[in-house]
1. How many residues does the range 43-55 contain that are buried (at least 24 other Cβ atoms within 10 Å of the Cβ) and in contact with an Asp or Glu (Cβ under 7 Å, 6 or more places away or on another chain)?
2. Residues of the range 487-506 being polar (S, T, N, Q), touching a residue at least 60 places away in the same chain (Cβ under 8 Å) and out of contact with any Gly (no Cβ under 7 Å at 6 or more places or on another chain), which ones?
3. Can you name the residue in the range 500-528 that is small (Gly, Ala, Ser) and out of contact with any helix residue (DSSP H, G or I) (no Cβ under 9 Å at 6 or more places or on another chain) and is also modelled with the lowest pLDDT among such residues?
4. I need the full set of residues from the range 224-257 which are farther than 28 Å from GLU440 by Cβ and either modelled with pLDDT under 95 or under 28 Å from the mean Cα position of the chain (by Cα) (or both), in order please.
5. In the range 1-41, what residues are open to solvent by 10 Å² or more (accessible area, probe 1.4 Å), under 18 Å from GLU103 (Cα atoms) and of a type in the set (A, V, I, L, M, F, W, C)?
6. May I ask you to list pairs of residues, at least six apart or on different chains, whose Cβ atoms are under 7 Å apart, with the first in the range 160-177 being in contact (Cβ under 8 Å) with a residue 12 or more places away in the chain and the second being surrounded by fewer than 18 Cβ atoms within 10 Å (Cβ to Cβ) and basic (Lys, Arg)?
7. Tally the residues that are within 22 Å of the chain's Cα centre (by Cα) and not in a helix (DSSP H, G or I), restricting the search to the range 518-557.
8. Quick one: is ARG306 open to solvent by 10 Å² or more (accessible area, probe 1.4 Å), closer than 16 Å to SER488 by Cβ and of a type outside the set (Val, Ile, Thr)?
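The values are calculated or read from the model by the stated rules, or taken from the named source; none is laboratory data. Everything quoted here is computed from the prediction, not taken from an experiment. Note that each Cβ is placed from the backbone with ideal geometry, even for glycine, and that neighbours are counted across all protein chains shown. Just so you know, the surface numbers come from the protein's heavy atoms only, side chains and all, with ligands and any DNA or RNA stripped out. Shrake-Rupley method; radii C 1.70, N 1.55, O 1.52, S 1.80 Å.
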Amino acid sequence: MSVFVGVSAHYHDSACCVIKDGRLVSAAEEERFSRLKHDSAIPANAFRYCLREAKVSIQDITAIAYYEDPNKKFSRQLWAGLPDILHRPEARFRIDPSRAEREIRQALGYEGPIEFVDHHLSHAASAYYFSGFPEADILTVDGVGEWATTTYGRAEGNTIDLFEEVIFPDSLGLLYSAVTAYLGFDVNDAEYKVMGLAPYGTPRYLDKIHQLFTSSSDGQYCLDLTYFDFVSGDRMFSDKLCELFGQPPRVPESDIDQFHTDIASSLQKALEGVLLEKVRYLHGKYPSEHLCMAGGVALNCVANGRIHREGPFKHLFVQPAASDSGGSLGAAAVAWARHAKNSSRLQPLANVYLGPSFSNLQVNQIIGASPLGKVANYFCADEPGLVKATAARLAEGKVVGWFHGRMEFGPRALGSRSILADPRRPEMRDRINALVKMREAFRPFAPAVLEEKMSEHFDLRHPSPYMLETCQVTSKLDLPAITHVDGSARVQTVNPNVSPRFHALLTEFDRLTNCPILLNTSFNLRGDAIVMDPIHAIWCFVISNIDVLVLEDCLIDRSERPAAWTEIVEMLGVRNAKKRQITERANVYSFL
């Protein structure tokens, strides 16, 4: 038996996975357990879960693979002026190159071999090894790894060759993040908001964005660093950037005006242009039908859609957890390939339902231990009955929190931890944004559609199970809740063999409404991680305006909100509902 554990940590979105005998059997982000969004700590809770799910012990581990080389990263930090900040105690703690190995051993109690995998090799492997392609070109783009910010690769069999790279401080990811910060959004968290804001504007500042970088005819590009301050400063951009755009940076949470939407539009168009240019360069170097992509920039689904439609590759595979969390998959895959004694390949990624699940017995125990049954109406049913009851409520305009099966790995909710609603209702988008998700009104929602009917409603000719590219809405139905201002949508196609219950729900909703589509957004409130267990789901249901909660085979209808609901919040450990932070809560992890 071979067991390889992948770990990513110490920047953002720490995660863990297990590859057992050549198959990915478990993976989870630490934030889902700790409830700290983008948690960067060593993923001790995710590690324990992954071993339990794989049915192995710590003694069975062949090796733990870490998703970057701490010594190479340290050299880059030294180059960037590290001695200037050594007087800060928190800085000295973060930059210690021995920290990763030390904390893996301390936090996980592990004494066996630890292998270190270069950051962009981890990204590349996370896409290629799980793509199922016999050979492929690989493009990875993010903020920065050790030194690399963009790599170009060629892979065949179990061999990956990263033949060219762009190095720090030149970085498309940091360029996008710097303008994200200028627009008043959080770096490493809200770049997707800028992507969603872009269609509201026009790219009239494109020439100014192009002043920030120059791109050569090969794989290289470089930033004009006079506009940026991320190398050794305390913010992403310099005063010269503000002078270039002619306005001060937006204050976070302040109003967004036409200027901000036009900057977002210009940035997005520039990114798409340079990525298409580099994809064509890569194909020219090594012609192939297959392209694999990973790194945080690969989560830009608008750019992905253009690359698939306009680029030279017939087939595109983007790692569903393309950011740092997915680096754990790539690190484990590289370690597996290093130890492989034959030409066998890792099993391709079948789906991303790799996290914890909960039985109906566990769900009923949690409901029974709370006052929920006293203040809400609920019942349990077999799957056909539950699906019919849920679809009927969706058709009535109810908003449903849907909790079923194993949790998704990666940033997208794909019908396991989702909030669902009728996409035909014009008021639904504003209602969910304002009352449930508590987020910015400009952000679009995604549709989930029956795979067999996708082409009837979207300009899509291939399955898109992971919401990783956008396309135009072509449906004869009016779908205001999921159609963005530019007529596009970020589609999830639902296959009956991959997500049978979710597919059944869409089928029943189609039978009732002649609409095989549901609005699908992640089951969480703004600023919170996606729910992982039934306690998190109940808490989100209680303090939001979700109408219906489905927990496995149990359906709970919201009644009027009596004072007793406060008791539920307190019992779940919420001491400050306004901040929505859990400080104490029941030990649900004993159920895992």
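1. 2
2. Just the residues of the range 487-506 that are polar (S, T, N, Q), to begin with: 488, 492-493, 495, 497, 499.
This time we only want the ones that are touching a residue at least 60 places away in the same chain (Cβ under 8 Å), so: 488, 492, 499.
Listed by number, the residues that qualify are SER488, GLN492.
3. First, pick out the residues of the range 500-528 that are small (Gly, Ala, Ser): 504, 522, 527.
Still in the list and also out of contact with any helix residue (DSSP H, G or I) (no Cβ under 9 Å at 6 or more places or on another chain): 522, 527.
Working: SER522: 96, GLY527: 86.
Only one residue fits best here, namely GLY527.
4. Hits for the range 224-257 are VAL231, SER232.
5. Correct list: ALA41 only.
6. So the pair list comes out as PHE168/ARG76.
7. Of the residues in that region, 16 qualify.
8. Numbers: open to solvent by 10 Å² or more (accessible area, probe 1.4 Å): yes; closer than 16 Å to SER488 by Cβ: yes; of a type outside the set (Val, Ile, Thr): yes.
In short, yes.
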